[in-house]
Amino acid sequence: MECQEIIAQVSTIVDGGLVVLIWMVQLIIYPSFLYYQPKNLFTWHQKYTGRIAIVVVPLMLLQLAIAFYDIFYQFNALNTMRFLIVSFLWIFTFTSFAPLHFKISQNKFDENLLQLLIKRNWMRTFLWSVLMVFHFLK
């Protein structure tokens, strides 16, 4: 099997993993935060963020590495769009979601913040889903 084929297969697996994960976060995990008592959410959130990072960080790093590889070695419109979306997702995650999770970790949250987390996450859910669709366009 050729290196390009292996990278394409890994990319499909990574993007598939992230799209399944983000839909679970959007439909199950984030909405469940609204049902916790503040003290319980504060306690659970500290465990949740460490555990979810074990899954999310390697997938996002691999996705970014593949997007960089593709833009430099297979430059085309689809890979450019993919690179831009992946870059935006990184920026959006660290500038928008990290501060919200930080507030939860500091026990400085209310229902409005949790609703904002859910609302903003629809953008990531949509974009990670679009990245998965790109695999069917190749």
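Sorted largest first, the spans of the alpha carbon positions of the chain along the three principal axes are 52, 24, 21 Å.
For segment 99-138 versus segment 1-65, the spacing of their alpha-carbon centroids is 11 Å. If contacts are Cα pairs under 8 angstrom and at least 6 residues apart, what is the relative contact order of the chain in percent? Relative contact order, the chain: 44 percent. Counting 0.36 nm for each residue step from Q74 to Y36 and taking away their Cα separation leaves a gain of 9.0 nm. Within the straight-line cut-off of under 24 Å between alpha carbons, the lysines reachable from K103 are K39, K47, K119, sequence neighbours fewer than 8 places apart in one chain being disregarded.
Dividing the summed -39500 (n - 2.57) terms of all DSSP H runs of n ≥ 4 by the residue count of the chain sets its mean residue ellipticity at 222 nm at -28000 deg cm²/dmol.
In this label model, V57 and N107 are separated by 2.5 nm, measuring between points 7 Å along each Cα→Cβ vector. When +1 charges are put on Lys and Arg Cβ atoms and -1 charges on Asp and Glu Cβ atoms, the dipole computed for segment 3-137 relative to its Cα centre reaches about 480 debye.
Ranking I7, Q26, L84 by Cα position along the charge dipole of the chain, where only Lys, Arg, Asp and Glu carry charges on their C-beta atoms, puts Q26 farthest toward the positive end.
Any read-out appearing in this document is the output of simple, stated calculations on the displayed coordinates, not a laboratory observation. Treat the numbers as computed from the prediction; the structure is a model and nothing was measured. Reconstructed Cβ throughout: ideal geometry from the backbone, glycine too, with neighbour counts over all protein chains shown.
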